[in-house]
Ligand SMILES: Cc1cc2nc3c(=O)[nH]c(=O)nc-3n(C[C@H](O)[C@H](O)[C@H](O)COP(=O)(O)OP(=O)(O)OC[C@H]3O[C@@H](n4cnc5c(N)ncnc54)[C@H](O)[C@@H]3O)c2cc1C
């Protein structure tokens, strides 16, 4: 079976890894001209961690990751006012927990499979035509190609979803926040393995010191308007307007932003597809953020992207290439699980950009109590539980055939 995957983020390479294991021939098309590592730091644990272990990738993920020691909330002057030891999370996750730049996680998966697949960088799908025997794909630069299946792993603003399932406005639920992240070298001060958080009403600034003298910054802010500027200069100007009068290190951070060559800037949204449309794309399906983005509020989107990839590939393997049966089982297994994660994520929304001074005070009080084991379990335990039993597809013997 020949499968085209759109997107070399987290879901795409993970899907390729498992499909190749089950005998499929995989091509990935990625819009970026080359693989981009680094980026904002994500927390990684749960069922996604378990699957990465089955892929033999955990030693490398731990090597590139960080064992953050402390989340520290600071005031305008930079004095600690609240926080908790991250050991509380690691304990709840039975030490199967790390924090790693999103692009590094994606790259570890990609490098482990790249020699067994075809990868086309700097291209995108322009048109898809399905017929009873396959899909004809028109690439913007690479011309026409033919595949048995096409899977969109191209993120929150998925191109494949737009081409096959409909416009973003039908599926994207804007959660009322914007997010921006960038990294620079040489920023001072540094606080090794401490995740710093400065919060004002409706907005927050985070700083995290990484290896090689690099520092990552994350802005989150409430904004009713889902629209945002597309050029990096206008995005920087917007952040300057929004955070210019803010306290703590906002001024040197905005100066560092001026020097940053790259900026990640986006809406915080979830993708919610109606049940009947989840696998109504014929020979086309979606995985990862493209299908079911939980947003940064869940703190688990990368792990969930890996789980989706594992189940989708495994069900294709189990169904011996009967893609309709496989897509339906993928939907039935994964959808209720990820929808639970989406609902849970919404409970954390207030802690990213609290709407009032009182909610900041209350959040800080909860954070202070998190060093007590049972309170940490009460506050975070539910979010760390992944109530999904991962099927053991390796025990099944069919190769994936075209159908
Ligand atoms: C600020 C922030 C913090 C986060 N924190 C966490 C966290 O702590 N823990 C966690 O697990 N998750 C976190 N997440 C979520 C996590 O990053 C995503 O859920 C995860 O990366 C989804 O993987 P994906 O492969 O589906 O999509 P992506 O990683 O977005 O990858 C999509 C890929 O598709 C490519 N692409 C896009 N359009 C096209 C096109 N037209 N043609 C070809 N390729 C295309 C992109 O270039 C990209 O390579 C966070 C997200 C944000 C924004």
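For the pair the stretch 329-363 / the stretch 178-229, the C-alpha centres are spaced 20 Å from each other. Per the Kirkwood formula applied to alpha carbons, the stretch 221-313 shows a radius of gyration over Rh ratio, Rg over Rh, of 1.10.
Counting other beta carbons within 10 Å of each residue's own, what order do 18, 374 fall into, fewest first? Write down the numbers at each step before the final one.
Values: 18 25, 374 9.
If I rank by nearby Cβ atoms, fewest first, I get 374, 18.
Stick to Cα atoms and the Kirkwood definition of Rh, then tell me Rg/Rh for the stretch 1-96.
Values: Rg = 18.2 Å, Rh = 16.4 Å.
Ratio of gyration radius to Kirkwood radius: 1.11.
Counting 0.36 nm for each residue step from residue 114 to residue 332 and taking away their Cα separation leaves a gain of 75.5 nm. Does the stretch 237-371 classify as rounded, prolate or oblate by the C-alpha gyration tensor (a ≥ b ≥ c root eigenvalues; a/c under 1.5 gives rounded; else a/b over b/c gives prolate, otherwise oblate)? Since a/c reaches 1.5 and a/b is larger than b/c, the shape of the stretch 237-371 is classed as prolate.
Looking at the chain, what % of its DSSP beta bridges pair antiparallel, to the nearest 5?
On the way: 52 of 74 bridges.
Once the DSSP bridges in the chain are tallied, antiparallel ones form about 70 percent.
Length gained on full extension, residue 372 to residue 231: 46.2 nm, using 0.36 nm per residue less the C-alpha separation. Put in line by how crowded their Cβ is, counting other Cβ atoms within 10 Å and starting with the fewest, 153, 293 read 293, 153. Here each label is just a point 7 Å from Cα along the line to Cβ, and for residue 251 and residue 162 those points are 4.1 nm apart. Calculation over all alpha carbon pairs of the chain in 10 angstrom steps from 0 returns a P(r) of 5, 23, 33, 25, 12, 3, 0 percent. Estimated from helices alone, the mean residue ellipticity of the chain at 222 nm is -11000 deg cm²/dmol (sum of -39500 (n - 2.57) over DSSP H runs with n ≥ 4, per residue). The long axis of helix 102-111 is offset from the longest Cα principal axis of the chain by roughly 30 degrees. In plain terms, the residue of 136, 215, 98 with the fewest other Cβ atoms within 10 Å comes first and the most crowded comes last, giving 136, 215, 98. Relative contact order, whole percent, for the chain stands at 23, derived from Cα pairs under 8 Å and 6 or more residues apart. What translational D, rounded to a whole number of µm²/s, comes out for the stretch 20-158 from Stokes-Einstein when the hydrodynamic radius is the Kirkwood one over Cα pairs, at 4 °C and 1.567 mPa s? Here the translational diffusion coefficient equals 72 µm²/s.
Rule-based calculations on the coordinates, nothing more; no lab input. If you're wondering where the values come from, they're calculated on a predicted model, not measured in any experiment. A quick note on method: Cβ atoms are made from the backbone with ideal geometry, for glycine too, and the neighbour counts reach across all protein chains shown.
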